[in-house]
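Derivation of every value follows stated rules applied to the coordinates shown; laboratory data play no part. Predicted model only: the values in this text are computed from it and were never measured. Note that each Cβ is placed from the backbone with ideal geometry, even for glycine, and that neighbours are counted across all protein chains shown.
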Amino acid sequence: RNRISRCGAKDNFWQMGDTGPCGPSSEIFYDHGEDIAGGPPGHADEDGDRYIEIWNLVFTQYDKQEDGYLKPLAAPCVDTGMGLERLAAVLQHENNNYDTDGFKSLVKAVVDLTPKANGIKTDNASVRVIADHIRSTAFMIVDGVIPSNEGRGYVLRRIIRRAIRHGHKIGIDKVFFYRLAPVLALEMKEVYPELKKALANVEKVLKREEQRFAQTLDQGMGILEAAIANLKGSQIDGETVFKLYDTFGFPVDLTADVARERDLTIDMPGFEVEMTKQRDRARQAGDFKTTQKGVDISDATEFLGYEQLENSSSIQALIKDGELVDSIEAGDSAIIVLAQSSFYGESGGQVGDSGVLSNKEISFEVGNTQKQKSGAFEHHG
């Protein structure tokens with residue numbers, strides 16, 4: 001009996017919502033020993049690492065009614081789940097998942113990428129975040145997810161960006177994240193051979209996403225650090241959050257992450273006010289500045305950037321001084337709209353790509369790529 005902790009309905013009663021299937025629950029914890037700090041569940045010091053939950057059971061036996069009555073289910077059941085890596089840690093006599101054989105090679109690979117002078121160790125929190133995130137991002141890409149600004153693609157983009165920022169925190173100042181994919185593929189070759197088969201594409205997607213985000217991160221972090229240094233109070237104002245997002249392409253969720261690490265908050269209502277103002281300005285200006293002079297590009301550009309770093313394409317339009325033209329001369333500032341492009345068009349706070357458009361006769365240096373609401377990509381140069 002001295003190994004049983006009763007925690008009450010708050011911790012030990014599961015329900016889907018205000019109504020529906022529900023029932024008491026129980027968790028099985030493993031005691032890693034007195035040499036590790038922490039108390040059993042339900043005690044004041046339960047947040048330590050001594051007692052780790054490895055198994056959960058829900059005795060689904062009621063159907064909760066709108067009036068709160070718990071109606072017995074005709075067919076009660078037990079819903080159970082186990083933490084595979086936590087159990088592996090127990091079997092390997094480790095009290096941390098990141099010290100198990102499934103993580104050791106990844107964690108070491110991350111540490112090897114850091115400057116030796118920084119003295120980063122395997123128990124560093126950022127190292128562990130990066131090791132965890134290379135697994136989740138690589139598996140998502142193999143499953144067909146690509147970074148984007150919507151849905152699951154945005155989830156992937158956020159995870160990649162978070163890993164990159166943690167890399168910068170521990171002194172990694174070069175493109176690094178994709179270099180961990182081969183280490184993961186080797187570790188998982190027996191249980192997830194699909195990763196090895198898709199490795200080249202995984203590396204390409206991760207590398208391109210990091211290259212695109214590197215400049216944004218450097219600029220945004222500089223502005224954010226200055227704002228925090230001058231902060232009076234514990235909240236970063238919405239105008240600053242919006243400036244980071246709109247001017248420097250610094251994602252709001254990363255601003256929130258940094259704020260959380262400093263025990264700060266961000267003013268989301270204030271940010272939304274600034275976003276509304278920006279939308280109003282955009283509507284007044286129109287989709288294309290060039291439409292004011294009769295240029296209307298309605299066909300979307302097909303984006304090839306996650307499959308190809310280079311591509312051939314026909315030209316949809318040449319724009320100079322706000323007007324459609326048939327040709328441009330050496331030294332002209334102009335906009336080229338392509339049918340297909342490997343350049344990422346700026347949108348959703350993510351900066352556009354730069355590079356070179358060329359054929360056997362000419363070379364056009366692209367300083368920025370803009371994506372308009374029609375989906376057409378403007379290559380400015």
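Given the options THR114, THR122, THR276, state which has the largest fluctuation in a GNM of the chain using a 10 Å cut-off (strictly under) for Cα springs.
THR276
Which Cα, out of MET16, ILE141, ILE170, lies furthest along the positive dipole direction of the chain (beta carbon charges, K/R +1, D/E -1)?
Of the candidates, ILE170 comes out farthest on the positive side.
For the stretch 9-91, what percent of Cα pairs sit more than 23 Å apart? Before the final figure, lay out each step's value.
Details: 1242 of 3403 pairs.
More than 23 Å apart: 36 percent of the Cα pairs in the stretch 9-91.
Please give, to one decimal in nm, the separation of the simple spin-label points placed at ALA229 and MET16, each 7 Å out from Cα toward the Cβ.
Those two pseudo-labels are separated by 5.4 nm.
If each Cα of the stretch 97-222 is one equal point scatterer, what is log10 of I(q)/I(0) from the Debye formula at q = 0.10, 0.13, 0.22 Å⁻¹?
Summing over Cα pairs of the stretch 97-222 leads to -0.29, -0.49, -1.35.
Based on the Cβ-Cβ distance from GLU53 to GLU361, what FRET efficiency comes out when R0 is 51 Å, to the nearest 0.05?
Details: r = 67 Å, r/R0 = 1.31.
The formula returns an efficiency of 0.15 here.
Using Cβ counts within 10 Å as a stand-in for footprinting exposure, how do ILE170, ILE146 rank, fewest first? The partial results should precede the final answer.
On the way: ILE170 19, ILE146 16.
Taking fewest neighbouring Cβ atoms as first place, the list is ILE146, ILE170.
Restricting to DSSP loop positions (anything but H, G, I, E, B) with no more than 15 other Cβ atoms inside 10 Å of their own Cβ, which trypsin sites (Lys or Arg not before Pro) remain in the stretch 52-149? Mind showing how you got there, number by number?
On the way: sites: LYS64, ARG86, LYS104, LYS108, LYS116, LYS121, ARG128, ARG135; in loops: LYS121.
For trypsin sites (Lys or Arg not before Pro) across the stretch 52-149 that sit outside H, G, I, E and B with at most 15 neighbouring Cβ atoms in 10 Å, the list reads LYS121.
Report, please, the projected area of the chain averaged over directions, based on the convex hull of its C-alpha atoms, in nm².
Working: hull surface 110.1 nm².
The Cα convex hull of the chain, projected and averaged over all directions, gives 27.5 nm².
Taking R0 as 45 Å, what's the FRET efficiency between GLU34 and LYS108 from their Cβ-Cβ distance, rounded to 0.05? Write down the numbers at each step before the final one.
Numbers: r = 30 Å, r/R0 = 0.66.
E(calc), rounded to 0.05, equals 0.95.
I need the trypsin sites (Lys or Arg not before Pro) found in the stretch 311-381, filtered to DSSP loop residues with at most 13 other beta carbons within 10 Å of theirs.
On the way: sites: LYS320, LYS360, LYS371, LYS373; in loops: LYS360, LYS373.
Taking the stretch 311-381 and a limit of 13 other Cβ atoms within 10 Å, the loop trypsin sites (Lys or Arg not before Pro) found are LYS360, LYS373.
Based on DSSP loop calls and a cut-off of at most 13 other Cβ atoms within 10 Å, the longest stretch of the chain free of exposed GluC sites (Glu not before Pro) is what?
Details: sites that count: GLU34, GLU66, GLU150, GLU190, GLU307, GLU310, GLU329, GLU361.
The longest such stretch corresponds to 191-306.
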